[in-house]
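Taken together, the values in this text are just the output of simple stated rules run on the coordinates, not laboratory data. Not measured: the values here are computed from a predicted model. Virtual Cβ from ideal backbone geometry, glycine too; neighbours counted across all protein chains shown.
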Amino acid sequence: MAPTYTLSLATEADIPGILEVWLAAWPESPLTAKAFPRTEAVREWITVAYRQHMEETTSTVLVVTADEDGTRGSVVSFALLFREGAPDGDEKESGTNGGVRKWQSRWVRGRGLAEGMNEEVLGANLFVPMDRQHEKIMGSRRHIFLEVLGTHPDHQRKGFASRMLEWSSERADREGLEIYLDASAKGKPLYEKYGFRGQEDLMDAETKSVPMLRPKANA
C-alpha cells in the first residue's frame, strides 16, 4: 500500500528525520564541509537547535511524513519559519534594534558552536550577507521568515514543498503578514508561483541567494 503523505507540525520525535533530510538535501560541498562538518558533534548541535525551534513561540517547524496504516512515518520534507519584527516597530520587543534577528539569535542562542564548526564561514560566507539583505528589505516590519525548506532527494517533485508554501501563505494571509525568504536560483521559479517577488535590486553583493518577498494579501 502506498504511504499517505501528511503535513503537520513537527514533534521532537521527527528531529532525527529532519536531520537526515537536511544532510541529504544539502550535500557536502567545500562550504558546507566547513560550516556544518558531518560529525556526531554537529549532528547533535543541529538536533538541539531544532528542539529549541519547536519550543519557541516565534518559530514553527513543519514536516511532511510518509505515514502507513495510520502510523506516523519518516520525514520526507520539512520547513522552518520564524515570526520576525515587532508590532509597530517596537525595538524592545524585537530585540534587534528594530530589525530582524541575527543568525546567532536564531541558531546559536548563547550555547556556542559544535567542535569543528567555523564561525567565520557560517557568518561572513553564509548567514551575514543574507541577514543584511533581509534587514535592508524588511526593517522592523512584522513578517514571516521562511528560512529553511528542504525535501529529501528521493522524494522531490512530488509537491511537498508546494504544500508547505501553501500552508505558509494561508497563515500569512490570515495574519496580514508578508513572507520573506532567501532563494536559490533553482528554487526561485517555484516561489514565484506562490506570489513571491524577487528583490534583486536589494541583493547583497556577497551572497548568491536571491531575496524574495510575498506581499500581504491584496497588497
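Between the residues Pro189, His134, Gly110, the greatest Cα displacement towards the positive end of the dipole of the chain, with unit charges on the Cβ of Lys, Arg, Asp and Glu, is found for Pro189. Note on the chain: Rg/Rh from C-alpha atoms, Kirkwood Rh, equals 0.95. Listed by chain and number, the lysines placed with their C-alpha closer than 28 angstrom to that of Lys136 are Lys34, Lys92, Lys102, Lys186, Lys188, Lys193, Lys208, Lys216; residues fewer than eight positions away on the same chain are left out.
Using the crude model of +1 on Lys and Arg Cβ and -1 on Asp and Glu Cβ, and no other charge, please compute the dipole size for the chain relative to its Cα centre, in debye to 20. I would put it at about 380 debye. Computed over the chain with a Gaussian network model linking Cα atoms closer than 10 Å, the most mobile of Asp201, Asp67, Asp182 is Asp201. Farthest toward the positive end of the dipole of region 4-214, out of Ser59, Ala41, Leu81, is the Cα of Leu81, where the dipole comes from beta carbon charges about the Cα centre.
Determine, at each q value in 0.23 (inverse angstroms), the log₁₀ of I(q)/I(0) that the Debye formula gives when each Cα of region 100-211 is one equal point scatterer. Debye output, listed in q order: -1.38.
When the Cα gyration tensor is reduced to axis lengths a ≥ b ≥ c, the ratio a/c is 1.5 or higher for region 17-56, and with a/b above b/c it is classed as prolate. Distant-in-sequence amide contacts of Ala217, defined by a placed amide H-H separation under 5 Å and a gap of 5 or more residues or a different chain, comprise Leu177.
Close amide-amide hydrogen proximity is noted between Ala10 and Val61, Leu62, Val63, each under 5 Å apart and 5 or more residues distant or on a separate chain (H modeled in the peptide plane; Pro and chain starts excluded).
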